[in-house]
Each structure stands twice: as C-alpha cells, then as structure tokens.
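J.: Can you keep this structure in mind? I'll have questions shortly.
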Amino acid sequence: MSDTKPVIHMVGSIPLDDAETVFRTLGQRVGHHAERIPDGETGRRQRWISFVMDQLKANPAFEVDQSLPPFQFTQFDGTVVYEIPRLTIKDGVDPKTITFETGYADDAIRNFRDL
C-alpha cells in the first residue's frame, strides 16, 4: 500500500459567492489534497460564455453577424435556455492584427492579491 495521499486538481468554476469564500471553503475541506486552488470564476465570470461574449462584443474588431441565427443553448428536453448572437470580424479588419483580452487573468490576479 502506498503512503502517498490522494491529490486533487480543480479547474474552473466553483458555485460559491466570491473568491474569498472559494479559497476559505476549499482550503478547509480539500486544501491538504490540492497543490493549487482556483479562484472559482465567481462574479462576472460566473456564466463564462456570457462573460466571454461580452468581452468579444466590446472589442471593436467584432460585430454581430446578421447572416447567422443566434446560437441556442438548450437544456436536456430541448427548451432554449438562452441565445447568444454570433459574431464576425468586421470588414476591413485583418485578423492578424486583433488582440483580445479575456479579463480572466486580471480577475484572477486581483482575487489572489486581495487575499
């Protein structure tokens, strides 16, 4: 039998109110099994698809593609939960010149620094 303790690796969203609650809760419950604890992608990143879409729509290189229907997120029974518009690169914009900041790194750095 091995003397090593089990190690867990957590990635992404944790359904808690804020980063401090994520750090405290996971630290107490699984901290001795984790080398790293994520900030939980709380707040504005809670619904990551909507968050990324908001970031993309704010980028001046993109616009809503009127030729495509919105993408529909459906639940198991086919009910549409919500829709998001599909975007395209604006005419005249060279894709090689586009820069895109997701905001994830800024939020994570702020959350880790604040604790």
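Computed from the coordinates by the stated procedures, all read-outs in this text should not be read as laboratory data. The structure presented is a predicted model; accordingly, all values stated were derived computationally and were not measured. When we count neighbours, we look across all protein chains shown, and the Cβ atoms used for this are built from the backbone with ideal geometry, even at glycine.
J.: At most 13 other Cβ atoms within 10 Å and a DSSP loop assignment: could you name the trypsin sites (Lys or Arg not before Pro) in region 14-115 that fit? Working shown, then result.
T.: Numbers: sites: Arg24, Arg29, Arg36, Arg44, Arg45, Arg47, Lys57, Arg86, Lys90, Lys96, Arg110, Arg113; in loops: Arg36, Arg47, Arg86, Lys90.
The qualifying sites are Arg36, Arg47, Lys90.
J.: At Leu16 and Arg44, where each label point lies 7 Å from the Cα along Cα→Cβ, what is the point-to-point distance in nanometres?
T.: Those two pseudo-labels are separated by 2.2 nm.
J.: Oh, and also: So what's the gap between the Cα centers of region 1-61 and region 67-115, to the nearest angstrom?
T.: Region 1-61 and region 67-115 have Cα centres spaced 18 Å from each other.
J.: Ok, one more. May I ask which residue of Ala105, Phe23, Gln72 lies farthest towards the positive end of the charge dipole of the chain, with charges of +1 (Lys, Arg) and -1 (Asp, Glu) on Cβ and the Cα centre as origin?
T.: Phe23
J.: Can you give the alpha-carbon Rg of region 1-42 over 2.2 N^0.38 Å, where N counts its residues? Walk me through the numbers on the way to the answer.
T.: On the way: Rg = 11.5 Å, N = 42, 2.2 N^0.38 = 9.1 Å.
My calculation over the Cα atoms of region 1-42 gives 1.26.
J.: Which lysines, if any, have their Cα less than 22 Å from the Cα of Lys57, not counting same-chain residues under 8 positions apart?
T.: By straight Cα distance, Lys57 reaches Lys90, Lys96.
J.: Another question about this same structure. Using the Karplus equation 6.51 cos²θ - 1.76 cosθ + 1.60 (θ = phi - 60°), what ³J(HN,Hα) coupling, rounded to whole Hz, does each residue of region 74-79 give in order, writing x for Gly and Pro?
T.: Running phi through 6.51 cos²θ - 1.76 cosθ + 1.60 with θ = phi - 60° gives 10, 8, 3, 8, x, 5 Hz.
J.: Taking the Cα-to-Cβ direction at Arg86 and at Asp65 and moving 7 Å from each Cα, how far apart do the two end points lie in nm?
T.: Result: 0.5 nm between the two label points.
J.: Here is a follow-up. With a cut-off of at most 13 other beta carbons within 10 Å, and DSSP calling the residue loop, which chymotrypsin sites (Phe, Trp or Tyr not before Pro) in region 8-112 qualify? Please list them.
T.: On the way: sites: Phe23, Trp48, Phe51, Phe62, Phe71, Phe73, Phe76, Tyr82, Phe100, Tyr104, Phe112; in loops: Phe76, Phe100.
Hits after loop and neighbour filter: Phe76, Phe100.
J.: Can you give me the long-range amide H partners of Ala34? Hydrogens built in the peptide plane at 1.01 Å from N, cutoff under 5 Å, separation of 5 or more residues or another chain.
T.: Correct list: Ile8.
J.: Determine the dipole magnitude for the chain: charges of +1 sit on the beta-carbon of Lys and Arg, -1 on that of Asp and Glu, nothing else is charged, the reference point is the Cα centre, and the result goes in debye to the nearest 20.
T.: 200
J.: Okay, next question. Are there any GluC sites (Glu not before Pro) in region 1-100 that are in a DSSP loop and have at most 13 other Cβ atoms within 10 Å? List them by number.
T.: Glu35
J.: Per residue of the chain, what 222 nm ellipticity follows from adding -39500 (n - 2.57) for every DSSP H run with n ≥ 4, rounded to the nearest 500?
T.: Rounded to the nearest 500, the figure is -9000 deg cm²/dmol.
J.: Any idea what Rg and Dmax come out to for region 60-99 if you just take the C-alpha atoms, in Å?
T.: Over region 60-99's Cα set, Rg and Dmax evaluate to 13.9, 42 Å.
J.: Here is a further query. What is the projected area of the convex hull of the Cα atoms of the chain, averaged over all directions, in nm²?
T.: With the hull built on Cα positions only, its mean projection is 11.8 nm².
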